[in-house]
Every structure is written in structure tokens, then in C-alpha cells.
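Here is the structure we will look at, set down as C-alpha cells.
Just so it is clear, none of the values below were taken in a lab; they were calculated from the coordinates. Not measured: the values here are computed from a predicted model. Virtual Cβ from ideal backbone geometry, glycine too; neighbours counted across all protein chains shown.
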Amino acid sequence: MIAKTKGIKDTKKLVGSLPAVRYIDPKYIFLATTNTRCSKFELYIKEGDHVNSCQLIGKRIGPFFEQPIHSTCSGTFIGFEKHYHRSGKLTDFIKIENDFKDTLDPSCKERTPEEISKLTKEEMTEIIKNTANVGLGGSSFPTYIKFQTNEPIHTILINGIECEPYITADHRLMLEFPYRVINGIKYVMQAFNCKHAKICIKKKYKDIKETYEAILKEEEGSGIEICPLGNYYPQGWEVEMIKNATGIKLNPGELPSKRGIINFNVSTIVGIYKAIRYNMPVIKRFITITGDGINHPKNFRVRVGTSVKELLPICGGYKNPDKEKVFILGGPMMGASVPNDDVIITKTVTSIIVLDKEEHREEPCVRCGSCVLSCPVHLEPVQIMNAVKTLDKERIKKLNPTRCIECGLCAYSCTSKINVTDYIRKAKLIAKL
Ligand code: SF4
Ligand code: SF4
């Protein structure tokens, strides 16, 4: 079923394995006050205050948890400004003027290997919570909550698959910081008293395979192995990755931890490494800026809070400046579009895709069933779409749209160019009413 999607154009070669450009000193950084998980916030600083890099300056408040906000540079808090957030919403951002001194907050202290070896799972969970580690592959799910499971874990899976077209940020991270990845994995293995970890990558990433196999050869008995998987989308979806890496098939809605598995995105693992080793929050990340709409697609390592507007000139600007552009944050399949380039890199932005806008005229549904064949969770997207059109709430509920992972394959495969995924999103909202 999913094999049908193997024909998705491989646009990763636009950036390929170009080393990441370091752009870590913007004049201003912008930190979101709120996001989709937390709609309120509280600040511990006032305008004019000096802040250190990594200093705790406030918190976002949501119905289920709070997220500490840390400054990602040292400088002065000079007010608020509205910009687009990864969610696609115009949001208030805290504006900090960089003093370019990168004065580190005293809360950041390096732990010795001996100190780290004595940390319990509970202590690591607390460190990860206080340093605001979240799923950096885009999920933004708080990492400390994953750490709180009491289920026995036999295998840790590291998701380095990065299966969406265009994006190569994790690819670069894995090649440029392999020891951070491996040490981060070791800390997680220690926390869960787990003897086995697999680094999952696409099998075509031979450079990553060779790099890690060479390092792991020197670390005999570490229990860490490289696990090449399929070159298709959505190989990085956790259910698909777990099935192919371990043979374990999760039931719908089942948590991986119930089957002895815990999985983390590879960027999250590096975030965990920085938290445990240096008590540091995530203040920098790898991103990809790519797409047919810009001249020189690139990978970057940037400070969280950097404006995309600053990075576009480094990519040679727009290829066809007269043409209207489409901006997608995240991958083209699961990302969110924003109306212009006034976007800020938050912790969970993996990429910005810039495309020349093309008009797609939707045709009527021809009942080809292509969307049904493509759906990795075995839904019937066309039926859900029809139920949304007729506002048949009972039928919508029966068709289980809440199981949709918003992979975008139904829209991608639609012969009539209908944005079927949009209907499924609406159905999810209606089903929850
Ligand atoms: S977006 Fe949802 S309904 Fe459409 S193919 Fe993906 S999982 Fe299925
Ligand atoms: S793929 Fe498009 S045209 Fe085919 S059944 Fe689904 S909605 Fe209709």
C-alpha cells in the first residue's frame, strides 16, 4: 500500500549533503510567547532587562503542561513583535537585541562523566523538563513526558529517517555531530536501563551508515547499531519505523512503550545530550531552506529565534522574484504554509520550502480510490471528504478521521488534485465536537 508512494520526487538533491552554513549571530532573536500546545504565557523579565544566553525568562502555559522559555542569546529584552509562527499563525514574539557576547547563564554547568553516570532516570527527566526539551522532528511533544513511562524498555529507536521530500537538516546534523548523537543515545539507554538502540536511517544514506559504523566499531558492546530502512515516505512515521526496525506491529492508538519501544528524533537526542552534559536548553538547530523558488538551497545551523528573512539573501534570494511564492514550514507533506517570509525559526522548525505558486484547478472526484490505497492508516479519505461536504456528523465519526496522521498522501495521490487532507482535518475537528 505504502509502496505506491515510492514515486515521490526526490527533491533532497536540491541541497544534497551540502555542509550547513553557520549563521548564529543575528542582530535580534524572537521567541514565541505562545504556540499550538500552550496558549498563555508568563514573563519573568521586563523591557530593558539584560538576559543571558540560556536564561529562563518565562513560561508558556497550556492545559496539560507548561513550557519554560529560555533566551537563545545574551542581550536586551526590547519588547514584542508579531511574526508568523510554525503553526501558520501570526504570533507575539519576545524580541531580544543580541549583544554578541554570548554570555552563558550560570545555570549551564558541565557535568563530568562520573556525575552523569550516577544520574537516575528521575533526575534526567527533571533536567530534560527544566531545559524544555521537546520533539525536535516537528512534533514539539515534551520529551520529559516520554521519559516518565514506567514500562520496561528493551529497544530505543532513533529516528534519523527524515522521510519527507526536500529536508536534509537531520542528515547534516548526523554527519556533523555523530559523537553528540551517540552520547545522547547512551544517556537515554542509561535512563531506561536499556541495552539496545537502533539508529534508523534511509538505506540510501550510505555516508551516515559508513560514519556511524566506523565509530561504533570502536565502541564494541555499546548495544547501538545503525538500521537502514526503506527510502520512501512515510518510512519515518513511528508505526512504520517500529514495524520495519523491530518487526513489532503496533495496534491503532497503542503507545510504543507498551511494547517495550521508545523512539526519539535524532535532533531531540542531541537536545538531550546538551541538557544532560551541559544543563543547556536547545538554542541552536539545523534547518534546510530549499525549494524551486530560491536560487541556492542550503542547510543552516542557526540560533533558535532567527528570522527567515535574514537567511533568504544567503540563499541568493528568490529565483523568480516576480512570481508569487508559497512558503511551507516543515515538509511539503505535513508542514504548514505561511503567507509570506516573515517567519521565525522556532525549536521545531526543520525546514522552509519556498516554491513558485502554481495554480492547481481541482477537478471533480472520479472515485479512482487512489486516496484510499495511499492511506497508511487504512482510512477512506474520499468517504470522509463526502461526509464533510454533507456535514454528516454521525458518518464522519464512524469513518474514524481522528486516526489520521495528516501525512498528506491522500491529497498527493489525488488524480483530481483535490486537497483531500484538508477535508480530513475538518473531519477531525467535527468528530471531536
Ligand atoms: S492525510 Fe490522513 S487520511 Fe490522508 S492519507 Fe494520510 S493518514 Fe490517510
Ligand atoms: S483520489 Fe481524489 S479523485 Fe480519487 S477517489 Fe480520492 S478524492 Fe476522488
Full extension from residue 82 to residue 336: what is 0.36 nm times the residue separation minus their Cα-Cα distance, to one decimal in nm?
-> 89.7 nm
Distance in nm between label sites at residue 310 and residue 122, each 7 Å beyond Cα in the beta-carbon direction?
-> 4.2
Cα centroid distance between region 207-245 and region 138-190, in Å?
-> 11
Please give, to one decimal in nm, the separation of the simple spin-label points placed at residue 130 and residue 395, each 7 Å out from Cα toward the Cβ.
-> 5.6
In percent, how large is the relative contact order of region 370-432, given Cα pairs closer than 8 Å and 6 or more residues apart?
-> 40
At a Förster radius of 56 Å, what calculated FRET efficiency corresponds to the Cβ-Cβ distance of residue 248 and residue 47, to the nearest 0.05?
-> 0.60
Chymotrypsin sites (Phe, Trp or Tyr not before Pro) within region 168-268: which are DSSP loop residues with at most 13 other Cβ atoms inside 10 Å?
-> none
Determine the percent antiparallel among the DSSP beta bridges restricted to the chain, to the nearest 5.
-> 65
What's the FRET efficiency of residue 425 with residue 179 using the Cβ-Cβ distance as r and R₀ = 35 Å, to the nearest 0.05?
-> 0.30
Helix-only [θ] at 222 nm, the chain, -39500 (n - 2.57) per DSSP H run of 4+, per residue, nearest 500, equals -7500 deg cm²/dmol
Just how far, in whole angstrom, is region 79-96 from region 19-50 if you go by their alpha carbon centroids?
-> 9
Full-extension gain in nm, residue 324 to residue 365, via 0.36 nm per residue minus C-alpha separation | 12.0 nm
Which net charge results when you count Lys and Arg as +1 and Asp and Glu as -1 among the other residues whose beta-carbon is under 9 Å from that of residue 41?
-> +1
Where in region 299-342 is the amide nitrogen less than 18 Å from a point lying 7 Å along the Cα-to-Cβ axis of residue 356?
-> 316-328
Using Cα pairs under 8 angstrom and six or more residues apart, how large is the relative contact order of region 301-433, in percent?
-> 22
Straight-line reach from residue 426: which lysines have a Cα under 22 Å away, not including same-chain ones fewer than 8 places off?
-> 89, 389, 393, 397, 398, 417
Give, rounded to the nearest 20 debye, the magnitude of the charge dipole that region 140-200 has about its Cα centre when Lys and Arg contribute +1 at Cβ and Asp and Glu contribute -1 at Cβ.
-> 260
For residue 100 and residue 217 in one chain, what is 0.36 nm times their gap in residues minus the Cα-Cα distance, to one decimal in nm?
-> 38.1 nm
